[in-house]
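Structure, as C-alpha cells:
The values are calculated or read from the model by the stated rules, or taken from the named source; none is laboratory data. Worth saying up front: this structure is predicted, and the values here are computed from it rather than measured. In this analysis, Cβ positions are derived from the backbone assuming ideal geometry, glycine residues included, and neighbour counts consider all displayed protein chains. The area values use the complete protein model at the heavy-atom level, side chains included, leaving out ligands, DNA and RNA. Shrake-Rupley method; radii C 1.70, N 1.55, O 1.52, S 1.80 Å.
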Amino acid sequence: MGPGRQGQDVAASFLSHVSTGRPREASALPAVELEHVHKWYGSIHAVRGISLRILQNEFFSLLGPSGCGKTTVLRMISGFETPTEGTVYLKGEVANAIPPYRRDTNLIFQHLALFPHLDVYDNIAFGLRLRRLPRPEIARKVRAALELVDLVGYDTRRIHQLSGGQKQRIAIARALVNEPAVLLLDEPLGALDLRLRIQMQVELKEIQHRVGTTFVYVTHDQTEAMTMSDRIAVMNHGFVEQIGTSRDVYERPRTRFVATFLGDSNLLEAQVESSNADQTVLRAGAARLIGPADAGATPGSSVTLCVRPERLRFAGAGTASGGDDGNRLDARVRDAIFKGAVIEYRLVTESGARLILQAHADAARPVEPGAAVTVTWRKEDGVLLTE
Amino acid sequence: MSPTYAATPRGARGRSLALTGLLGPATVFLAAVLLVALCILLVNSAYHFTGTQVQPTLTFEAYRHFFTDPFYAGVVWQEIRLAVTTTAICLVVGYPTAYAITKIRRPGWVIAAYILIFSPLLTSSIVRAYGWLVVLARGGLVNWALLRLHLVAAPVRLLFDVTGVTVALVHVLLPFTVFPILSVLLRTDPALREAAADLGATRLQGFFRITWPLSFPGLYAAAQLTFVLAMNAYVTPQLLGGGRVQVLPLLIYENISDLDWPLAAVEATVLIVLVWATMLGSNLLFRRRLATLEDRR
Ligand SMILES: Nc1ncnc2c1ncn2[C@@H]1O[C@H](COP(=O)(O)OP(=O)(O)O)[C@@H](O)[C@H]1O
Ligand SMILES: [Mg+2]
C-alpha cells in the first residue's frame, strides 16, 4: 500500500512539524556543497577532486558503479569521514570537522542499521529522545512519521518481525522524524526485490514531495536514478563525469562512460571532416555522417558519435528520406528481440560495427533476422563524445 | 519391491538421524558419566562413616553434621563471597578490556592482546600459583614496591589470605570473562553505533544506548562462567590460601583423603546445588531481558 491512503491530512500534519522555520522555496544557498574534495584511505584514492552543489529541496542522485566512491561522498556529507583535501559546506558553512551527531543531516544506511534491541517506536523516537523533547511531542512526532510511511499501529513490533519493505520504511521514518535539512540515502532499496523496489521508488519520491527536504540518493541503478532524481551526478573512479537532469545525462552524455552506463548506446568512431555552426561532418570508414554542431570538434580530430537505440530508424524503400539529414548506414539484422513494448534489433554494419535499434513493437512490418536494411537518424539525435 | 525406491528420502528424518549419529556418542558419554557419578555421590552421602571406613547403612548423619556445625556455613559463605568478588572484579576489568580489544586497528596488536589475555591458560596452574607466591610474599615484589614508595610502614599480608587468592583467581579466570564479552561485541554491527551518532548520540550516549544493552548476553554468559569456575576452583585456594582460605573443593579433597566419603559427598552435593541454583535463578531473573536480545538482527 502506498502512503497515499491517508491523503493530505497526513502530509499536512507531518509538514506542520517539518516545515517550521525552513522555507520551502529553493533559496540561493545550496543545501550541500563540495569543493575540490579528495579522500584517501591510506594509499587508496577513493574520491578524486569532486565539486558539486546540491540545492535545497532537490532530489539529487549519485550514480555510479560499485566502488566508484559514492558511499565515501555520502559519509563525508554526514560527517563519518573527513575529506583529505577540499571543503564540504552545509548550508554555506564549512562542515569538514563537524561530528555526525551535530550535523543537520540524517543518513539511511545501506543495510539500514535499525536497532535490534528496540521496538519500532523506540527506534523512531531515538533521535527525539536525545534532543530531550517532551514526551507528548515525541509521541506526536513518532505517530506522524509512522503515518508518513503508512505503518501506523506498528509501534510495539520488534525489528526482526518486520518484512524487508517495512524495515525500509521504519528506517526512513527514523531519519525523517528528526526533520533533517538533508536526508542521505545509501542504496536503500538494494536489498528489496524488483517489485517492491519500484514501489518504494515511487513512495520515496512522494515522501520527498511532501516533506520538502533535500534528498541525496546513492545508487548504482541508472533506471532508479532517472526515475527519482531532479539531478544526477554520474560518478566513475572517484570522479564526477557529468551532472545534470535525467534527460541531460541520458540524451546529452558528455563522456563514453556516461553514454554506456546510462542505458544502451551506439558508439561510432569517426573523424571530423568539417564543422560549422549548424552541423559537424564526420567520416566513419566509407560512410559520411552528419552530427550536431560541436565547438570542440576541430577538423581532423577523432570523436565518438553516440546515438541512442530508440533514435535509430529503418529507412525503408517506402519511407521518405526527408529528415534523416543524410545519415545512412547499411546493415544486416542479426537478431530481433521482442521486449513487450519494443522490439530490439541487433544489427551489424558492412564495416563490422554492431548497432542496436529499438522500434515500437506495433510497427507495421517487423524486420526478419537476416534482412539487409538501411539505418538512419537525425543529426540532432547524435551526440559527439570527445573523451 | 523395486530397488529404485529403496533409498530413503533425504528429509527431516534423514537430518535428525544424522544429528543423532553425530551427537549421540558425546551425549551418551556425558550423560552416563554425570548420572553415574551423581548417583554414586548421592548414595555415598547417605552412608555411615565409622571414623576409619564407610559402612553401607543409610544414616544421613553426614548431612546432619554438615548443616549443624557452623564451621561449614562459614566455609560456604566465604566461598560465595570469594566467587562473587572474583566475578565482579573480572567483569569490571574484563569488559573494558574486551571493548578496548575491539577498538584496536592494527592486526598485530590484536594478536598481542589476545596472547596477553589468554596467557594464563597457557601456563600450568602450579607454575602460575608459584608465580603469584613470588609476587605476593612478605618479601615479594608488591610489598617491596609498597615499602619503597612509603605507602605502607610494614609488609602487608597478601599471601595465604583471601586477597591473594582473589587476585590469583581473577588472573586465571579473566580469559573466561573476556572471551564471551569480546565475541558478542565483535558480532555487533558497527553501523549501529554510527546510526546512533547520526541520530545525535555522543560517543557516551551511543555506548550506553546501543553497545551496552546489546552486549548484555555476553556479559551475562561471562558472569555465569566466571562464577562457576570460581566456585569450583581448587588449585589456587589450595596453594595461595595457606589453609586460611577454606572452600568446598578443598574440604572435599581433605575428606576423601581421610576416607570420609559420606561427608565429601554431602559437600559435593551442596556445591553442585549451589552452582545450579545460581544458574537457574539468574536465568529466571534475566529471562525476559535475554529473550528480547536473542532474536537480534
Ligand atoms: N574504510 C575504508 N578503508 C579503505 N578503503 C575504503 C574504505 N571505504 C571505502 N574504501 C575504498 O574506496 C573506494 C570507494 O568505496 P565506496 O565509497 O564504498 O564506493 P561505492 O559506495 O561507490 O561502492 C573503494 O575502492 C573502496 O574499496
Ligand atoms: Mg556503497
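Need one word for the stretch B:70-125: rounded, prolate or oblate. Basis is the Cα gyration tensor (sqrt eigenvalues a ≥ b ≥ c); a/c below 1.5 gives rounded, then a/b vs b/c decides. Oblate, since a/c reaches 1.5 and b/c is not below a/b. A dipole drawn for the protein assembly as shown from +1 and -1 charges on Cβ atoms has a positive end, and of A:Ile159, A:Val258, A:Tyr89 the residue lying farthest that way is A:Ile159. Residues whose amide H falls under 5 Å from that of A:Thr84, counting only those 5 or more places apart or on a different chain, are A:His38, A:Lys39, A:Trp40, with hydrogens built in the peptide plane. With all protein chains in place and ligands, DNA and RNA left out, the 1.4 Å accessible area ranks A:Phe215, B:Phe227, B:Phe176 as B:Phe176, B:Phe227, A:Phe215, largest first. Name the residue, out of B:Val270, B:Val152, B:Val135, whose mean-square fluctuation peaks in a Gaussian network model built on chain B with Cα pairs under 10 Å. For chain B, modelled as a Gaussian network with Cα springs under 10 Å, the answer is B:Val152. Using a 1.4 angstrom probe on protein heavy atoms only, the contact between B and A buries about 2000 square angstrom of accessible area, both sides summed. Each peptide in B:192-200, A:344-352, A:222-230 receives the mean, over its residues, of other Cβ atoms within 10 Å, and ordering these scores from highest gives B:192-200, A:222-230, A:344-352.
Electrostatic tally near A:Val272: other residues with Cβ closer than 11 Å to its Cβ, Lys and Arg +1, Asp and Glu -1, net -1.
Per-residue mean of foreign Cβ neighbours for A:124-131 is 4 (Cβ atoms of other chains, 10 Å radius).
A loss of 30 Å² or more of accessible area (1.4 Å probe, protein heavy atoms, ligands and nucleic acids excluded) relative to the isolated chain is seen in these residues of the stretch B:255-297: B:Thr292, B:Asp295, B:Arg297. Within the straight-line cut-off of under 19 Å between alpha carbons, the lysines reachable from A:Lys205 are A:Lys167, sequence neighbours fewer than 8 places apart in one chain being disregarded.
Placing a label point 7 Å from the Cα of B:Val54 along the Cα-to-Cβ line, no residue of the stretch B:222-237 has its backbone N under 18 Å from it. Descending by average beta-carbon neighbour count within 10 Å, the peptides A:104-111, A:270-277 line up as A:104-111, A:270-277, the highest first. A cut-off of 5 Å between modelled amide H atoms, ignoring neighbours fewer than 5 places along the same chain, links A:Leu289 with A:Leu282, A:Arg283, A:Ala284. A:Glu344 sits among other residues whose Cβ lies under 9 Å from its own Cβ, and their net charge, with Lys and Arg +1 and Asp and Glu -1, is 0.
Within the full protein context, the accessible area of B:Trp212 is estimated at about 90 Å² for a probe radius of 1.4 Å.
Within a straight-line Cα-Cα reach of under 17 Å, A:Lys339 can be paired with the following aspartates and glutamates, leaving aside sequence neighbours fewer than 8 residues apart in one chain: A:Asp264, A:Glu310, A:Asp362, A:Glu368.
Per-residue shielding of B:198-210, expressed as the average number of other chain Cβ atoms within 10 Å of the residue Cβ, stands at 6. Partners of A:Lys39 within straight-line reach, counting lysines whose Cα lies under 20 Å from its Cα and excluding those fewer than 8 residues away in the same chain: A:Lys70.
How much of the calculated P(r) for the protein assembly as shown lies past 32 Å, in percent of all Cα pairs? Show your work: numbers first, answer last.
Values: 160305 of 233586 pairs.
So the pairs more than 32 Å apart make up 69 percent of the total in the protein assembly as shown.
Within the set of other residues whose C-beta is less than 14 Å from the C-beta of B:Arg157, count the net charge using Lys and Arg as +1 and Asp and Glu as -1.
Numbers: positive: B:Arg138, B:Arg244; negative: B:Asp161.
Once positives and negatives cancel, what remains is +1.
Applying both filters, DSSP loop and at most 10 other Cβ atoms within 10 Å, to the chymotrypsin sites (Phe, Trp or Tyr not before Pro) of the stretch A:217-314 eliminates every site. Comparing A:Arg132, A:Arg334, A:Arg252 in a Gaussian network model of chain A where C-alpha atoms under 10 Å apart are linked, the largest mean-square fluctuation is found at A:Arg132.
Counting residues in the stretch A:4-256 as N, plug N into 2.2 N^0.38 Å and put the Cα Rg over that result. Here the Cα radius of gyration is 0.99 times the empirical estimate. The H on the amide N of A:Leu185, modeled in the peptide plane, is under 5 Å from the matching H of A:Ile108, A:Val216, A:Tyr217, A:Val218, each at least 5 residues off or on a different chain. Label positions at A:Leu29 and A:Asp221, each projected 7 Å from the Cα along the C-beta direction, are separated by 3.5 nm.
Leaving ligands, DNA and RNA out of it, report the carbon-plus-sulfur percent of the accessible area of the protein assembly as shown at a 1.4 Å probe. Please list the in-between numbers first.
Values: 21080 of 34760 Å².
With neighbouring chains kept in place, the figure for the protein assembly as shown is 61 percent.
What do you get for the angle between helix A:194-211 and the principal long axis of chain A? Use alpha-carbon atoms, 0 to 90 degrees, nearest ten. That helix lies at roughly 60 degrees to the long axis.
Rounded to the nearest whole Hz, the Karplus-based 3J(HN,Hα) values (6.51 cos²θ - 1.76 cosθ + 1.60, θ = phi - 60°) of the stretch A:103-113 follow the sequence 9, 8, 10, 9, 10, 9, 6, 4, 10, 6, 6, with x at glycine and proline. A dipole drawn for chain B from +1 and -1 charges on Cβ atoms has a positive end, and of B:Val273, B:Val84, B:Val162 the residue lying farthest that way is B:Val84. The phi torsions of the stretch A:288-298, fed into the Karplus equation with coefficients 6.51, -1.76 and 1.60 and a -60° offset, translate into couplings of 10, 10, 10, x, x, 5, 8, 4, x, 8, 8 Hz, rounded to whole numbers, with Gly and Pro shown as x. Of the DSSP H helices in chain B, those that are both long (alpha-carbon extent of 24 Å or more along the helix axis) and hydrophobic (Kyte-Doolittle mean at least 0.0) are B:12-45, B:70-103, B:162-187, B:212-231, B:261-285.
With a 10 Å cut-off around each Cβ of B:241-249, the average count of Cβ atoms from other chains is 0.
Based on the mean of other Cβ atoms within 10 Å per residue, sort peptides B:276-287, A:57-68 so the most packed one is first. The partial results should precede the final answer.
On the way: B:276-287: 11.8, A:57-68: 21.2.
Going from most to least packed, we get A:57-68, B:276-287.
In the full protein context, the protein assembly as shown carries 51 Å² of accessible surface per residue, based on a 1.4 Å probe and ignoring ligands, DNA and RNA. Measuring r between the beta carbons of A:His45 and B:Val127 and using R0 = 41 Å, the FRET efficiency lands at 0.20.
Per-residue Karplus couplings for the stretch A:122-130, computed as 6.51 cos²θ - 1.76 cosθ + 1.60 with θ equal to phi - 60°, are listed in order as 5, 4, 6, 7, 3, x, 5, 5, 5 Hz, Gly and Pro entered as x.
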